[in-house]
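Just below is one structure, and these are the notes that go with it.
The values are calculated or read from the model by the stated rules, or taken from the named source; none is laboratory data. Remember, it's a predicted structure, so these values are computed and weren't measured experimentally. All Cβ positions, even for glycine, are placed from backbone atoms using ideal geometry, and neighbour counts span all protein chains on display.
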Amino acid sequence: MTTNISVCHISTMTRWGGVERQLIDLLAAQENDQVQHSLITTSSIPEIKKAIQNTGIKLFEPKRNFRYDPTAVLQMAKWLQSNQINLVHSYNAFANIWGNLATLVAHTPTYLTYEHGTIWNTHGALRWMDSWAHRRARLVIANSHASANLLKFKYKIPGEKIRVVYNAVPDIPSIEPIQARAQLKVDPDKLVVGTVGRLDTPKDYATFLDAAAIVLRKRRSVVFVIIGGGPLENELRSYISELGLQESIHMLGWQTNVRILMQGFDLFVNTSIRESFGNVLIEAALCGIPVIASAVDGIPEAVVHEQTGLLLQPTKPVRKYQSVEALPLPKYALINGQLRPPQALDPEQLAHSILSLLASPEIRKFYGQQGKERANHLFSMYRYRNELEKIYLDLEKGH
């Protein structure tokens, strides 16, 4: 007998982060008639809302008079009941809290939570409410073994209740690097070292800039590119000016065609002090770009040392940023399999690794090819969609 199931995803949609992009990619890739998808977004911005609507799925956003308006829970519960939702899948701390309360009121049969990185920074009431949602859920999906370990350590979630499902990225349209460089407005004769992400504390872009300054003292034919926006943008721009490197380090802000622009990079660098997995590392791999990254949290699950790139051990104190809007430093990160206070990469070691790979086009090509093959095999949207939908259907059947 065929089992049909109606699944509602719940997520905040207020910025283009890894969760938001992956969820929209998933909803756009639906092919299984047995699983009907819909989405409740607790809040959104117009460009993301438009992208959701373009997927053709049902979308609901409750009306709120203030951020934590309790009537939103009642609106969500009523929508779940009227649309006969069998299973709710919520994504990260704030959405987990809304989803937990709404499914309680609506008596939704099955509830799943998802941990994609917010657990590193939950504290106080947010930590308690998020932990309650995970404990009440029938299954907790983690995007890496690092996330699973933190769920067990911080929230005491039993290991048998956690399922690791790796992130995914859809197929990326390919263009010639010279075309991507034209869009980046970079001299085609220059080597390009790039990074992409939210300009916030966990990404530690000051270390990226310090390493760039060292590289540029030794090799002027290099351009550094940062794509992304966030609370540290002004602080980082000021630091670039302080270093006197405005001509060699380009900050491009948020871009909608990131996956196209990345194809103009010769090398991708990630300096995160904590990273549950790092979708952007998979995007770089699918573009055939070698990666240098910090060996923290879930990054070693995305990057294989000396096969798809280089993993560096963090050894330096973490820089404290000034912006009051930036995330606080996390209390711990997973380093060498142990939870310990976060550390930053050594800019000298990072610069040495960048210079080494820039001087070795054959090794860059090898890492890029290996990374692309691995990403296509392990991190495809086809694999991710099928794995999630199998979980949904098995839960509905009572397995």
- Message: Can you list residue pairs whose Cβ atoms sit under 7 Å apart, with the first residue in the range 237-260 being touching a residue at least 24 places away in the same chain (Cβ under 8 Å) and the second being assigned to a helix (DSSP H, G or I) and of a type outside the set (A, V, I, L, M, F, W, C)? Count only pairs 6 or more apart in sequence or on different chains.
- Response: Met251/Arg237; Arg259/Glu283; Ile260/Gln183
- Item | Single unsatisfied condition, Met129 versus (1) free of Cβ contacts under 8 Å to residues at least 40 places away in the same chain; (2) not in a helix (DSSP H, G or I); (3) not β-branched (Val, Ile, Thr) | (2)
- Task: Looking only at the range 159-176, decide whether some residue is free of Cβ contacts under 8 Å to residues at least 60 places away in the same chain, outside the structural domain of Pro341 (by TED's automatic domain parsing), over 24 Å from Gly229 (Cα atoms) and within 16 Å of the chain's Cα centre (by Cα).
- Result: yes
- Across (1) touching a Leu at 6+ places or on another chain (Cβ under 9 Å); (2) assigned to a loop (DSSP other than H, G, I, E, B); (3) closer than 19 Å to Leu87 by Cα, Thr55 clears everything bar (3)
- Is one or more of the residues making up the range 109-118 closer than 22 Å to Arg385 by Cα, within 21 Å of the chain's Cα centre (by Cα) and among the charged types (D, E, K, R)? yes
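With the condition being acidic (Asp, Glu) and either more than 18 Å from the chain's Cα centre (by Cα) or at pLDDT 95 or above (or both), I'd like the helices (runs of 4 or more DSSP H) fully within the range 205-273 carrying at least 1 qualifying residues. Show your work before the answer.
Details: elements: 205-218, 233-243, 258-261.
Passing ranges, in order: 205-218, 233-243.
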- Message: Looking at the structure I just gave you, is Gly117 under 30 Å from Ala333 (Cβ atoms), at pLDDT below 90 and small (Gly, Ala, Ser)?
- Response: yes
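Yes or no: Thr113 crowded, with 23+ Cβ neighbours inside 10 Å, of a type in the set (Ser, Thr, Tyr) and part of a helix (DSSP H, G or I)?
No.
Glu242: out of contact with any helix residue (DSSP H, G or I) (no Cβ under 7 Å at 6 or more places or on another chain), within 21 Å of Asp200 (Cβ to Cβ) and surrounded by fewer than 24 Cβ atoms within 10 Å (Cβ to Cβ), yes or no? Walk me through it before giving the result.
On the way: out of contact with any helix residue (DSSP H, G or I) (no Cβ under 7 Å at 6 or more places or on another chain): yes; within 21 Å of Asp200 (Cβ to Cβ): yes; surrounded by fewer than 24 Cβ atoms within 10 Å (Cβ to Cβ): yes.
The answer is yes for Glu242.
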- Task: Name every residue in the range 85-111 that is more than 17 Å from Thr12 (Cβ to Cβ) and in contact with a strand residue (DSSP E or B) (Cβ under 6 Å, 6 or more places away or on another chain), in order of residue number.
- Result: Ile85, Asn86, Leu87, Thr108, Thr110, Tyr111
